[in-house]
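What follows is a short report on a single structure.
The values are calculated or read from the model by the stated rules, or taken from the named source; none is laboratory data. It should be emphasised that the depicted structure is a prediction, and the values quoted were computed from it without experimental measurement. Using ideal geometry, Cβ is built from the backbone for each residue, glycine included, and neighbour counts are taken over all protein chains shown.
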Ligand SMILES: [Zn+2]
């Protein structure tokens, strides 16, 4: 059964062109995934219908970086709150379908100055929505230290993570975690945060990301 309310404009009917145009004007944006008419908040209705989570081992994701690039950008730079809802919904459905025994949700942290500039952390924005949909607690559990080459590593996954970059902010109360991020490239960031969680007592760490690399057989 789908989570959430589905199409928020279903009460308008399918032939209500004037209202759809009004909505598009009010939102003033295109769909970040297909570039087409934005007939629902954040992601258009036809892209919403195509959003399906994929699973590889302990990770679920919605597509390759190429497929999800627009959504990743939208989440970071414009109208992130509206884009997060349908994406979180697909990821939450994926977690349910996987049947993982997740007890709580957390997200890969960002450095304080990036969070300050943007006002939020996209991974945390997604994580909080996923937790709400799954009726699980969300915990802000891991901190991140600034490292000098941070500005050159927006794809920080491609390089090794310096030991001590991530650290626990408090005691771990749950055993099984869902760790959320926007993009996974090599998995180095993800593994570094997982190590911190496990060192603090976590027994299982599952992952949910928007975009993960394309491999043969995915
Ligand atoms: Zn679309």
Practice item. Give the residues of the stretch 198-218 that are more than 18 Å from the chain's Cα centre (by Cα) and buried (at least 21 other Cβ atoms within 10 Å of the Cβ), sorted by residue number. Key: 202
**Study point:** Output for the stretch 175-195, where each listed residue is surrounded by fewer than 21 Cβ atoms within 10 Å (Cβ to Cβ) and not in a loop (DSSP other than H, G, I, E, B)
**Key:** 176, 188, 191, 195
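Sort out which residues of the stretch 27-39 are under 19 Å from the mean Cα position of the chain (by Cα) and buried (at least 21 other Cβ atoms within 10 Å of the Cβ), and write them in order of number.
31, 32, 33
Each row is one residue, and each column tells you yes or no for (1) more than 15 Å from the chain's Cα centre (by Cα); (2) at pLDDT 90 or above; (3) within 14 Å of the ligand (Cβ to nearest atom).
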{"site": "10", "(1), (2), (3)": "yes, no, no"}
{"site": "25", "(1), (2), (3)": "yes, no, no"}
{"site": "51", "(1), (2), (3)": "no, yes, yes"}
{"site": "55", "(1), (2), (3)": "no, yes, no"}
{"site": "63", "(1), (2), (3)": "no, yes, yes"}
{"site": "71", "(1), (2), (3)": "no, yes, yes"}
{"site": "85", "(1), (2), (3)": "no, yes, no"}
Practice item. Output the residue which, of all residues in the stretch 27-49 that are at pLDDT below 85 and within 13 Å of the ligand (Cβ to nearest atom), is farthest from residue 75 (Cα to Cα). Key: 27
Practice item. Check 182, 171, 157 and return the single one that is at pLDDT below 95, under 17 Å from residue 95 (Cα atoms) and assigned by TED's automatic domain parsing to the domain that holds residue 62. Key: 182
Check your understanding: Can you list the helices (runs of 4 or more DSSP H) found entirely within the stretch 78-135 that contain at least 2 residues being in contact with a strand residue (DSSP E or B) (Cβ under 9 Å, 6 or more places away or on another chain) and in contact (Cβ under 8 Å) with a residue 60 or more places away in the chain?
Key -> 80-98, 122-134
